[in-house]
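Engineer: Let me give you the structure first, and then I'll get to my questions.
Just so you know, all these numbers are worked out from the coordinates, no wet-lab data involved. If you're wondering where the values come from, they're calculated on a predicted model, not measured in any experiment. Ideal geometry is used to build each Cβ from the backbone, glycine not excepted, and the neighbour counts take in all protein chains shown.
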Amino acid sequence: MLDVKTTRLDLFDNSSYSPGPWVKRFLWHITNIIIFTSGVHISYGVKRSLLRLFGAKIGKGVIIKPRVNIKYPWLLRVGDHSWIGEGAWIDNIGEVNIGPNCCLSQGAMLLCGNHNFTSSSFDLQIDKITLEEGVWIGAKSIVCPGVTCYSHSVLSVSSVTSVDLKEYTIYRGNPAVEVKTRIIT
Amino acid sequence: MLDVKTTRLDLFDNSSYSPGPWVKRFLWHITNIIIFTSGVHISYGVKRSLLRLFGAKIGKGVIIKPRVNIKYPWLLRVGDHSWIGEGAWIDNIGEVNIGPNCCLSQGAMLLCGNHNFTSSSFDLQIDKITLEEGVWIGAKSIVCPGVTCYSHSVLSVSSVTSVDLKEYTIYRGNPAVEVKTRIIT
Amino acid sequence: MLDVKTTRLDLFDNSSYSPGPWVKRFLWHITNIIIFTSGVHISYGVKRSLLRLFGAKIGKGVIIKPRVNIKYPWLLRVGDHSWIGEGAWIDNIGEVNIGPNCCLSQGAMLLCGNHNFTSSSFDLQIDKITLEEGVWIGAKSIVCPGVTCYSHSVLSVSSVTSVDLKEYTIYRGNPAVEVKTRIIT
């Protein structure tokens, strides 16, 4: 092919992205490894306090199981009584807002970063993720950058969405499609 | 919407679920972290003996690779010569029965827990998983609660099933669909 | 059923597969655990040097994030300026050739091993994987044995391919299907 452009990762430049002071990131990196990504069961209260110390807004009664990987707590909000399941990965290089009474199940992933694959320099693209009240993200499911999961929506096990989920609606597959309405009695 | 109910995780109550004495769970938690979820290659014989000590029924010649995560060994049976692949996750808050000559490949997951998403209190639902003789669960695949994979069925790589798999049949996708018959010569 | 054959994993025999001397494999196993699969952020230069010491061909500027799991570095080539994302799993019991300017995102998996499920002894099948220049394997995607991803192809997040990807083409799903052309400007 003539004139076809190629990817040039040596030209990649994310210098305009500043997720926080070096010292804070370093201290969190160590804390994340020792306390959060560890398999050891550590008191939920201790975890909540540490997250708040690093700038997260964490509601009351929030449960954070072992082996959870959080990128930057200062970009994280979790509402009252929400659960972060074992092995969940909150890759929040952008803002993640989790409402109250949400459940992020085992191994689920919230992914805030993407790349512009039409650009030779593969520019970083960051977007926030919002889970409104009562949302359930199933085990090993993935929510992509920019997505809002509206009130009480459900993403079934091992599903993937890069588009918004409607309120009180259940989705499944990759890409996830609407399967039925969620009725709570 | 009027009269729409919401999820209330503060009302969640799993007090009727008793997976075993506190001391046993604590000792297994530590053993699981040090010996099983570790990346270090440890003798299969040692692993089999430890699982049996904690109440698992483990057949002869069973192979358990590194980084395997097992919830409760006393709810686990594995038949002769079966393999548990690297990074497999047996989240057996309910019974898991794996027959002889089964292969659970790398990163596969057996998931015994679910939640009643039509209930405001998001009640825990537990169901057992059965893999009959010769079943193969492919890398990073997921078997959901209540499923029986009948004799020599195959769940292909990264597939998900929440329904039973027929004997000598190969399935693929999320949700997994039947793709062909398995003929062994 | 009459005359139906069964899987016999006790008859499995991979003695003809020799991935390298015991000492080398042991030393790499320890190095992989301490330096590569660890969550700790370690200098990319140190990681590149260690991989080369163990026989990998690693280009300049290659980035290897934390929690990367590599089976055998002596079966790995990575071209200039390519990235190996956090938690990527290169299960290269066969050769893996990654071209320059490739991106293997978080949690992606390159899988070189399979089993002959039509054989009673479940014979090991190994095949190489090739990623040509500028390929992007999305987060938590899986490339199966024998696949070539041609120049600048893209496998979207959490997708799975067991067939070759055409150049400058974007794929999604499990099994991944072609969704559009990749134009780089």
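Engineer: Evaluate the distance, in nm, between pseudo-label points positioned 7 Å from the Cα of B:Leu53 and of A:Asp3 along their respective Cα→Cβ axes.
Structural biologist: 7.1
Engineer: Over the residues of chain A, compute the C-alpha Rg and express it relative to 2.2 N^0.38 Å. All intermediate terms of the calculation are to be shown ahead of the outcome.
Structural biologist: Values: Rg = 17.5 Å, N = 185, 2.2 N^0.38 = 16.0 Å.
That works out to 1.09 for chain A.
Engineer: Moving to a separate point now. With only alpha-carbon pairs counted, each pair once and no self-pairs, how large is the Kirkwood hydrodynamic radius of the protein assembly as shown in angstroms?
Structural biologist: 24.0
Engineer: Right, another one. Give the Rg (one decimal place) followed by the Dmax (whole number) of segment B:93-185, computed from C-alpha coordinates and expressed in Å.
Structural biologist: My reading of the Cα-based Rg and Dmax gives 13.4, 52 Å.
Engineer: Just want the ordering: A:Ile98, C:Ile184, from fewest to most Cβ atoms lying within 10 Å of their own Cβ.
Structural biologist: C:Ile184, A:Ile98
Engineer: Another one. What is the calculated FRET efficiency for C:Arg77 to B:Asp164, with r their C-beta to C-beta distance and R₀ = 45 Å, to the nearest 0.05?
Structural biologist: 0.55
Engineer: Collect residues whose amide H, placed 1.01 Å from N in the peptide plane, falls under 5 Å from the amide H of C:Val78; neighbours closer than 5 in sequence don't count.
Structural biologist: Result for C:Val78 returns C:Lys57, C:Ile58, C:Gly59, C:Ile98.
Engineer: Which of rounded, prolate or oblate describes segment C:1-50 when judged by the alpha-carbon gyration tensor and an a/c cut-off of 1.5?
Structural biologist: It is prolate, given that a/c is not under 1.5 and a/b is the larger ratio.
Engineer: Say the cut-off is 21 Å between C-alpha atoms; which of A:Lys65/B:Lys24; B:Lys166/C:Lys5; B:Lys65/B:Lys128; A:Lys65/B:Lys47; B:Lys65/C:Lys24; A:Lys140/B:Lys57 go over it?
Structural biologist: B:Lys65/B:Lys128; A:Lys65/B:Lys47; A:Lys140/B:Lys57
Engineer: Can you tell me the relative contact order of chain A? Whole percent, Cα pairs under 8 Å, sequence separation 6 or more.
Structural biologist: 14
Engineer: Quickly estimate the mean residue ellipticity at 222 nm for chain A, helices only: each DSSP H run with n ≥ 4 gives -39500 (n - 2.57), and the total goes over all residues, rounded to 500.
Structural biologist: Theoretical 222 nm ellipticity from helices: -3000 deg cm²/dmol.
Engineer: Sticking with this structure for a sec: Any idea how far the Cα center of segment A:1-67 sits from the one of segment A:80-108, in Å?
Structural biologist: Here the answer is 13 Å between Cα centres.
Engineer: Once you keep just the Cα pairs under 8 angstrom separated by 6 or more residues, what percentage relative contact order results for segment B:146-185?
Structural biologist: 36
Engineer: So for the protein assembly as shown, taking the charge dipole from beta-carbon charges (+1 Lys/Arg, -1 Asp/Glu), which of A:Ser159, C:Pro19, C:Leu165 sits furthest toward the positive end?
Structural biologist: The residue sitting most towards the positive pole is C:Pro19.
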